Each structure stands twice: as structure tokens, then as C-alpha cells.
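First up is the structure itself, then whatever we jot down about it.
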Amino acid sequence: MDNKTLSGKVAIVSGSSSGIGAAIVRELSTRGANTVINYPFPHLKAEADGVAASLPCPSVTVEADMSTTAAPQKLVDAAVARWGKIDILVNCVALAVNKPLEEQTLEDWDLLVNINGRGTFLLTQACLPHLTKGSGRIVNIVSISGRGPPPNQTIYAGTKGMVDSFTKCWAKELPPKYGCTVNAVSPGPTKTEGFAAAGEEQMKVLQPIIECTPVGPRMAEPEEISFAVGFLCEERARWINGAHIVASGGLFID
């Protein structure tokens with residue numbers, strides 16, 4: 001059986017030089033897609049190039065800091081310049097700040113809202129004129145924090161709730177115009193560099209929660225999240241729209 005089910009497709013994955021984003025790029029490339037890998041700063045170029053070198057299908061790496069208003073268009077321009085279209089958009093970029101409410105700052109607010117919320121909003125807008133009509137896929141990476149947040153994640157949980165709402169709105173608004181589908185995947189705690197940076201104090205809060213995961217007392221592997229994304233991008237997933245797949249081992253059940 002040919003497993004190149006996304007052969008010839010073009011996918012943009014924001015925030016994809018490491019963690020869940022890199023796993024999604026690998027998943028889509030394994031299925032045959034050409035990919036745009038996004039990294040935010042020059043010192044992470046080698047990391048992004050390493051991801052590209054590991055892929056079976058062509059890719060481009062693009063430096064674009066998604067906290068800026070110009071970055072989303074850079075990703076779109078790179079995809080269109082190389083392949084002339086966009087079939088798949090995965091809004092994966094996100095940053096978390098774990099602090100008690102009293103310690104969260106306006107700088108934290110601006111950073112998280114701009115990256116997690118505005119970045120997703122602007123990248124989706126920029127992709128729409130180039131999205132393949134009739135078969136496009138938009139997948140937003142949310143988080144179980146958007147619906148069942150732990151302590152110390154006021155701003156992060158709020159921004160993920162925003163992207164959750166984007167998904168619901170766009171799943172009604174965009175398919176009649178573009179013939180696409182819009183879905184979300186919400187990871188639970190996942191073994192990534194970003195999660196490791198949560199810090200010792202936050203892990204004291206999260207570890208007892210992780211240990212209550214019904215499927216097993218552990219964090220997810222990034223590949224367990226990326227599989228759900230790959231599934232939603234398949235042609236045979238064309239009737240799945242407005243879905244919210246929670247990939248948390250049953251830690252959160254809505």
C-alpha cells in the first residue's frame with residue numbers, strides 16, 4: 001500500500017523547528033507532503049536545517065518571528081514562491097508563561113497574545129488566497145489548557161481558548177468559501193523542549209496531574225500528537241470539520 005497519501009501537497013507548519021511542530025513536519029513529509037519549516041531567530045537555523053535534512057520530501061526553512069506582524073506573510077511567500085500553492089496550514093506556534101497571576105506582566109500578555117493569538121490569525125488570513133480550493137486543510141494546535149487549565153497559566157490558557165474559538169468560527173465560515181476543513185488538536189503535557197522549560201515549580205503543580213492520565217502516568221511523545229494532525233490532513237478526512245481532537249491520553253475529557 002502506498003503511504004504517500006499527501007504526495008504533492010504543500011504544508012506550512014508554524015513553529016516547527018522543534019517539539020510538536022517538528023514532529024508534525026516529519027509526519028506530513030512521511031505522508032508525501034512538501035513542507036515549510038518555520039524558526040523564529042537566526043541562532044535556530046541549524047536546528048531547522050537539521051529537521052529539513054531528516055525529511056523524505058522537499059522542504060524549505062524560513063526564519064520568521066511569529067510575534068511580529070510581518071512573519072506570517074514571509075511563510076506564505078516562501079511556500080508560494082517554491083510550489084505556487086498551499087494545501088495545508090498547521091498553526092502550531094505557541095509560547096507559554098507559567099507564573100502566578102500576581103506575577104504575570106503586560107510584557108507576558110503582549111508576547112503570548114501576539115504569538116499564540118495574533119500569529120495564528122494573521123497566518124491563516126495570509127494563506128487563504130493561496131489555499132487549494134476544495135481540498136484545503138487548516139489544523140490549529142490548541143491545548144487542553146484552553147478548556148481545563150492548571151494554575152499559573154492565565155494568559156497562556158486564555159490565548160489557547162482564543163484559538164479554540166477561532167477553530168469553531170472558521171469551521172463554519174471558511175468551508176463554504178474555500179472548500180476546506182478547519183479542525184483542532186489539543187495536546188496534553190508533551191515531552192518537548194518547551195514543556196521542559198516550564199520550570200521546577202510548575203512541574204510540582206503538573207506532575208500529580210500527569211500521573212492521573214488514564215492511559216498511562218506519562219507525558220505524550222510529540223509523534224503521538226502529530227499522528228492526529230496527519231489524519232486530519234488526509235483526503236479521506238474531508239467530512240471532518242469543526243472537530244476538536246484531544247490527544248491527552250484521557251487526561252482531559254470534555
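Quick notes on this structure:
- Given (1) under 20 Å from Gly21 (Cβ atoms); (2) in contact with a Gly (Cβ under 9 Å, 6 or more places away or on another chain); (3) polar (S, T, N, Q); (4) crowded, with 16+ Cβ neighbours inside 10 Å, index of the condition Thr132 fails: (1)
- Of the residues Val13, Val60, the single one that is open to solvent by less than 10 Å² (accessible area, probe 1.4 Å) and touching a Ser or Thr at 6+ places or on another chain (Cβ under 9 Å) is Val13.
- The number of residues in the range 196-223 that are part of a loop (DSSP other than H, G, I, E, B) and of a type in the set (A, V, I, L, M) comes to 4.
- Residue that is open to solvent by 10 Å² or more (accessible area, probe 1.4 Å) and in contact with a helix residue (DSSP H, G or I) (Cβ under 9 Å, 6 or more places away or on another chain), where the choices are Ala46, Ala22, Ala33, Ala52: Ala52
- Qualifying residue in the range 98-121 (condition: open to solvent by 50 Å² or more (accessible area, probe 1.4 Å), within 15 Å of the chain's Cα centre (by Cα) and closer than 19 Å to Gly136 by Cβ): yes
- Residue in the range 145-157 that is among the polar types (S, T, N, Q), closer than 26 Å to Glu27 by Cβ and assigned to a helix (DSSP H, G or I) present: yes
- Single unsatisfied condition, Ser226 versus (1) in a helix (DSSP H, G or I); (2) open to solvent by 50 Å² or more (accessible area, probe 1.4 Å): (2)
- Pro129, sole failed condition from (1) in contact (Cβ under 8 Å) with a residue 24 or more places away in the chain; (2) assigned to a helix (DSSP H, G or I): (1)
- Top-ranked residue in the range 187-223 [being of a type in the set (Ser, Thr, Tyr) and either at pLDDT 90 or above or surrounded by fewer than 15 Cβ atoms within 10 Å (Cβ to Cβ) (or both); ranked as nearest to Ala247 (Cα to Cα)]: Thr190
The values are calculated or read from the model by the stated rules, or taken from the named source; none is laboratory data. Note that the structure is a prediction, hence the values are computed from the model and not measured. Here Cβ is always computed from backbone atoms with ideal geometry, including for glycine, and neighbour counts include all displayed protein chains. For accessibility, only protein heavy atoms count, side chains too; no ligands or nucleic acids. Shrake-Rupley method; radii C 1.70, N 1.55, O 1.52, S 1.80 Å.
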